[in-house]
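> Starting off with a structure, shown below.
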Amino acid sequence: MGNRNDELTDKILNLKKSRGAVILAHNYQLGEVQDIADYVGDSLELSQNATKTDAEVIVFCGVHFMAGTASILCPDKIVLLPDMHAGCPMADMITAEGLRQRKRELPGATVVCYINSSAEVKAESDVCCTSANAVKVIESLDAEEILFVPDQYLGHYISTKTDKKMIFWPGFCPTHLRIQPQYITDLKQEYPQAKVVVHPECRPEVIALADEVLSTGGICRYARQEDVTQMIVGTEVGIIHRLRKENPGKKFIPASEQAVCPRMKLITLESVLWSLQEMTPQVKVPEEIRLKARTAVDKMLEIGRG
Ligand code: 13P
Ligand code: SF4
């Protein structure tokens, strides 16, 4: 397997050079995919990176909305998503038509969309946010009432950090909901020294047990602190690869081995190589949608990290 991966890696790196491509990978990607990437990060970092790269081709190793965001930000670049089936189920829990309907019911509400949403939903929203800046984005708004879509759990977490009136879309992340509070309680008994760090997509009962609630990029930064030597990690298990690689000697314990995002795992070395060979599948947001969605994404990028 090691040799096969080495062979694929060599081919990908050669082809990447001749195509003038950059490879961006999310923190939940398979370890071997993270290892061939030029940059590994959270949703906000990857969007920021897409705007900065000079490469003509972006190979996005993540899910569809992430490649869509790169297309919104970089209309002149070719954005490849090595497997078109890699869509985020939470992002699919809301459609632009459904959101328009809800907006008609709440005419005064400011719409904030989590970046885990389609370009069409972003185009219907006032401002976008990621888990890294959600509270800061909400706090920046001069709004009476905020409709937050599509993640009810991230929405609920933000509402505990602000006085603003928030209404939630009933979406959720099936992967994060696999993490049960009992798993954390049991692991805390086994590892009493460990810090509990969870993603804000987790259910409130899990968040209540955490020392820190952070985006995946925030989790990686927190792990580097000298006083953190053991960590119970309440998010998708792919992040453990990066945490262990960057922090040799520290202990990282997944809150649940079941917290796997199957769509993230569709991207493999084989699919990356195939995608670079064939220059497909490409994600391209239609211009009319892109321009509207860009306003919401730009507002978020101006605000930056929380
Ligand atoms: P981050 O932006 O924290 O990387 O989260 C993305 C995501 O899909 C979480 O499930
Ligand atoms: Fe979507 Fe959850 Fe997978 Fe993140 S982990 S991409 S929110 S399904």
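We did not get these values from a lab; they are worked out from the coordinates using the rules stated. All figures in this text were calculated on a predicted structure; none of them were measured in a lab. Using ideal geometry, Cβ is built from the backbone for each residue, glycine included, and neighbour counts are taken over all protein chains shown.
Every residue, every condition in (1) more than 13 Å from ligand 2 (Cβ to nearest atom); (2) in contact (Cβ under 8 Å) with a residue 40 or more places away in the chain, yes or no:
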{"position": "ILE240", "(1), (2)": "yes, no"}
{"position": "ARG244", "(1), (2)": "yes, no"}
{"position": "ASN247", "(1), (2)": "yes, no"}
{"position": "LYS251", "(1), (2)": "yes, yes"}
{"position": "VAL260", "(1), (2)": "no, yes"}
{"position": "ARG263", "(1), (2)": "no, yes"}
{"position": "GLU270", "(1), (2)": "yes, yes"}
{"position": "TRP274", "(1), (2)": "yes, yes"}
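> Which of the residues spanning the stretch 177-189 are in contact (Cβ under 8 Å) with a residue 60 or more places away in the chain and away from ligand 1 (no atom under 16 Å from the Cβ)?
Listed by number, the residues that qualify are GLN180, TYR183, ILE184, LEU187.
> Filter the stretch 264-295 down to the residues that are loosely packed, with under 15 Cβ neighbours inside 10 Å and among the aliphatic types (A, V, I, L, M), then identify the one that is farthest from ASP35 (Cα to Cα).
The qualifying residue farthest from ASP35 (Cα to Cα) is LEU291.
> While we're on this one: Considering the stretch 68-86 alone, what residues qualify as being more than 10 Å from ligand 2 (Cβ to nearest atom) and either among the acidic types (Asp, Glu) or not in a helix (DSSP H, G or I) (or both)?
Residues satisfying the conditions are CYS74, PRO75, ASP76, LYS77, ILE78, VAL79, LEU80, LEU81, PRO82, ASP83, MET84, HIS85.
> Out of all the residues in the stretch 70-84, is one or more more than 16 Å from ligand 1 (Cβ to nearest atom), closer than 26 Å to ILE167 by Cα and among the small types (Gly, Ala, Ser)?
no
> What residue, among those in the stretch 19-33 that are more than 15 Å from ligand 2 (Cβ to nearest atom) and either touching a residue at least 60 places away in the same chain (Cβ under 8 Å) or of a type in the set (Phe, Trp, Tyr) (or both), is surrounded by the fewest Cβ atoms within 10 Å (Cβ to Cβ)?
Here the residue is GLY31.
> Just to be sure before I move on: is TYR157 within 16 Å of ligand 1 (Cβ to nearest atom), part of a helix (DSSP H, G or I), under 29 Å from ASP227 (Cα atoms) and in contact (Cβ under 8 Å) with a residue 40 or more places away in the chain in the structure I sent?
It is true that TYR157 is within 16 Å of ligand 1 (Cβ to nearest atom), part of a helix (DSSP H, G or I), under 29 Å from ASP227 (Cα atoms) and in contact (Cβ under 8 Å) with a residue 40 or more places away in the chain.
> Quick test for you: out of PRO89, PRO107, pick the one residue that is surrounded by fewer than 24 Cβ atoms within 10 Å (Cβ to Cβ), in contact (Cβ under 8 Å) with a residue 60 or more places away in the chain and not in a helix (DSSP H, G or I).
Of PRO89, PRO107, the one residue that is surrounded by fewer than 24 Cβ atoms within 10 Å (Cβ to Cβ), in contact (Cβ under 8 Å) with a residue 60 or more places away in the chain and not in a helix (DSSP H, G or I) is PRO89.
> With a cut-off of at least 3 residues that are away from ligand 1 (no atom under 14 Å from the Cβ), in contact with a Lys or Arg (Cβ under 6 Å, 6 or more places away or on another chain) and acidic (Asp, Glu), name the helices (runs of 4 or more DSSP H) lying wholly within the stretch 194-280.
Hits in the stretch 194-280: none.
> Just give me the residues in the stretch 276-287 being away from ligand 2 (no atom under 16 Å from the Cβ) and either on the phi > 0 side of the Ramachandran plot or not hydroxyl-bearing (Ser, Thr, Tyr) (or both), in sequence order.
Within the stretch 276-287, LEU276, GLN277, GLU278, MET279, PRO281, GLN282, LYS284, VAL285, PRO286, GLU287 qualify.
> What are the residues in the stretch 161-176 that are more than 14 Å from ligand 1 (Cβ to nearest atom) and either within 17 Å of MET90 (Cα to Cα) or in contact (Cβ under 8 Å) with a residue 40 or more places away in the chain (or both), if any?
Within the stretch 161-176, ILE167, PHE168, TRP169, PRO170 qualify.
> Among what's in the stretch 51-67 and is buried (at least 17 other Cβ atoms within 10 Å of the Cβ) and part of a helix (DSSP H, G or I), pick the residue that is nearest to the chain's Cα centre (by Cα).
Among those that are buried (at least 17 other Cβ atoms within 10 Å of the Cβ) and part of a helix (DSSP H, G or I), it is MET66.
> Please tell me if ILE115 is buried (at least 18 other Cβ atoms within 10 Å of the Cβ) and over 16 Å from the mean Cα position of the chain (by Cα).
no
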